[in-house]
Ligand code: ATP
Ligand code: MG
């Protein structure tokens, strides 16, 4: 990884712009990140991490997607109002090639690699990633940048 100090908000805005273009349906994406927040990361990989999480948020939500992105020096979280993840699947979603098949899934393609990548990059940076999800309500992924706290 090529770690450098980057401003979080412009990085996220750039990824959001790309996701909005390819969404193919109305996507209301709100960014709540103060201008002055800086984090140490590999901006290319971090952009891909955010892109994967947003791609999922759009894919696994209905026709009118609402996504909220919160960020500060300690963490970033991405919440959607989508179909959610069944409790029984939560332990596996970061596994290589794992995709949820049970329940009322939308007909969306994928390889089950996005979250595997997200987890790999997070771990390489010493970050922790967690998920809270409720079926038919939505999902929130949170990445905590704070290395000292957890390990
Ligand atoms: P890929 O990302 O490789 O194109 P994918 O999206 O299926 O394929 P992951 O991004 O790894 O794979 O996600 C794994 C599974 O977790 C998905 O198949 C989906 O069922 C579930 N999932 C991930 N994010 C969400 C979300 N925001 N809402 C609902 N389900 C989700
Ligand atoms: Mg994905």
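Of the residues making up segment 114-130, those that are in a strand (DSSP E or B) and either surrounded by 14 or more Cβ atoms within 10 Å (Cβ to Cβ) or over 12 Å from the mean Cα position of the chain (by Cα) (or both) are 128, 129.
Out of 135, 123, I need the residue that is farther than 22 Å from residue 44 by Cβ, modelled with pLDDT of 90 or more and away from ligand 2 (no atom under 14 Å from the Cβ). Which one? Walk me through it before giving the result.
Values: 123 fails: farther than 22 Å from residue 44 by Cβ.
Going through 135, 123 in turn, just one is farther than 22 Å from residue 44 by Cβ, modelled with pLDDT of 90 or more and away from ligand 2 (no atom under 14 Å from the Cβ): 135.
Under the condition of being more than 16 Å from ligand 1 (Cβ to nearest atom), part of a loop (DSSP other than H, G, I, E, B) and touching a helix residue (DSSP H, G or I) at 6+ places or on another chain (Cβ under 8 Å), the residues counted in segment 20-41 number 4.
One residue is enough: does segment 57-67 have a residue meeting the conditions closer than 22 Å to residue 12 by Cβ, within 13 Å of the chain's Cα centre (by Cα), at pLDDT 95 or above and assigned to a strand (DSSP E or B)? Within segment 57-67, one or more residues are closer than 22 Å to residue 12 by Cβ, within 13 Å of the chain's Cα centre (by Cα), at pLDDT 95 or above and assigned to a strand (DSSP E or B). Among the residues of segment 68-78, those that are buried (at least 18 other Cβ atoms within 10 Å of the Cβ) and either away from ligand 2 (no atom under 16 Å from the Cβ) or at pLDDT below 95 (or both) comprise 69, 71, 76, 77.
Look at segment 111-130: where a residue is touching a residue at least 60 places away in the same chain (Cβ under 8 Å) and a partner is within 15 Å of ligand 1 (Cβ to nearest atom) and in a loop (DSSP other than H, G, I, E, B), sitting 6+ places away or on another chain with Cβ atoms under 6 Å, you get 115/93; 115/94.
The values are calculated or read from the model by the stated rules, or taken from the named source; none is laboratory data. These numbers come from a predicted model, not from an experiment. Every residue, glycine as well, gets a Cβ built from its backbone with ideal geometry; the counts of neighbours run over all protein chains shown.
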